[in-house]
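Asker: Take a look at the following structure, please.
No value in this document is a laboratory result; all are computed from the given coordinates. A quick note: this is a predicted structure, and the numbers were derived from the prediction, not measured. For neighbour counting, all protein chains shown are included, and Cβ atoms are generated from backbone atoms with ideal geometry for every residue, glycine included.
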């Protein structure tokens, strides 16, 4: 794997785990929380994009709007599924399951459908990442009720499917369509915010919107800052390496997430979680060599 792409992806993974930890602390926020951090992302990153474009003259096309719209809608689905999963299940179940299912599906489609080239090291790396995720997610004993566990698994898998969908689309947008990552992200997050607005402002929870945004303002700011930064770094990595390699390496964030869920949230079974994290790291190492 390209060293620059590896560094970008690993940095994005650290940022990704950090903002997911903040999102977990806002459990129960649902679409209103997602709407809040998407709007804050627009406020923070639109000026950054405009400033960036001064030194990087753009030649936009109508296809940019279409690509950004598709990305925004896929991220609406992802954000709502993830936040609902955090409300329904434990972070140490939903997060690794989502982050493991996503790359597995991404690699499957990239190799089988898109015919992207792969190596033996890459195949081994993907297998290790998925196995590590399973070790973290599925133990013999789990503190959650059977129903809470089933719901957490369902949301984790559904979130993973949405991750695969937006990852493959993003790779197409920044490579085949040639859209620069930063303006592409900005368009996507703007459409994401617009797509969430009607449901949030017209829904039943609109009366509780202001208190929720006030209560979780710190988490909103953290997610609005770190999530876009991690996302843009991954988009840059996708211009340097195949999506079938970038997607699994990105899931090294599971290691950080596992540590945070144990050390800070005090979720149980740290030994199993650390073994799974070590397996994930071994998979990332194999992918880096591939």
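Asker: Over all Cα pairs of the chain, how is the pair count split among 10 Å bins, expressed in % and running from 0 up to the last occupied bin?
Answerer: Calculated P(r), rounded to whole percents: 7, 29, 36, 22, 5, 0.
Asker: Hey, can you rank 170-179, 106-115 by average C-beta count inside 10 Å, highest first?
Answerer: Working: 170-179: 18.9, 106-115: 16.5.
Listed from highest to lowest mean packing, they are 170-179, 106-115.
Asker: How big is D, in µm² s⁻¹, for the stretch 11-111 by Stokes-Einstein at 4 °C and 1.567 mPa s if Rh is the Kirkwood radius over C-alpha pairs?
Answerer: Numbers: Rh = 15.8 Å.
After rounding, the answer is 82 µm²/s.
Asker: Any chance you could run the full-extension gain for residue 115 through residue 209? It's 0.36 nm times the residue separation minus the Cα-Cα distance, nm to one decimal.
Answerer: Working: separation 94, 0.36 × 94 = 33.84 nm, distance 4.58 nm.
Extending this stretch completely gives an extra 29.3 nm.
Asker: Sorting 231, 95, 184 on the 10 Å Cβ count, fewest up front, what's the list?
Answerer: By the 10 Å Cβ count, ascending, the order reads 184, 231, 95.
Asker: With the convex hull built on the Cα atoms of the stretch 150-228, state its orientation-averaged projected area in nm². Intermediate values should be presented prior to the final figure.
Answerer: Working: hull surface 27.5 nm².
Orientation-averaged projected area of the Cα hull: 6.9 nm².
Asker: What ranking of 207, 24 emerges when the number of other C-beta atoms within 10 Å of each C-beta is taken as an exposure proxy, fewest first? Don't jump to the answer; show the numbers that get you there.
Answerer: On the way: 207 8, 24 24.
Lowest to highest Cβ neighbour count: 207, 24.
Asker: If you take the beta carbon distance between residue 127 and residue 217 as r and set R0 to 45 Å, what does 1/(1 + (r/R0)^6) give as a FRET efficiency, to the nearest 0.05? Display every interim value, and only then the final one.
Answerer: Working: r = 42 Å, r/R0 = 0.93.
Efficiency computed from Cβ-Cβ geometry: 0.60.
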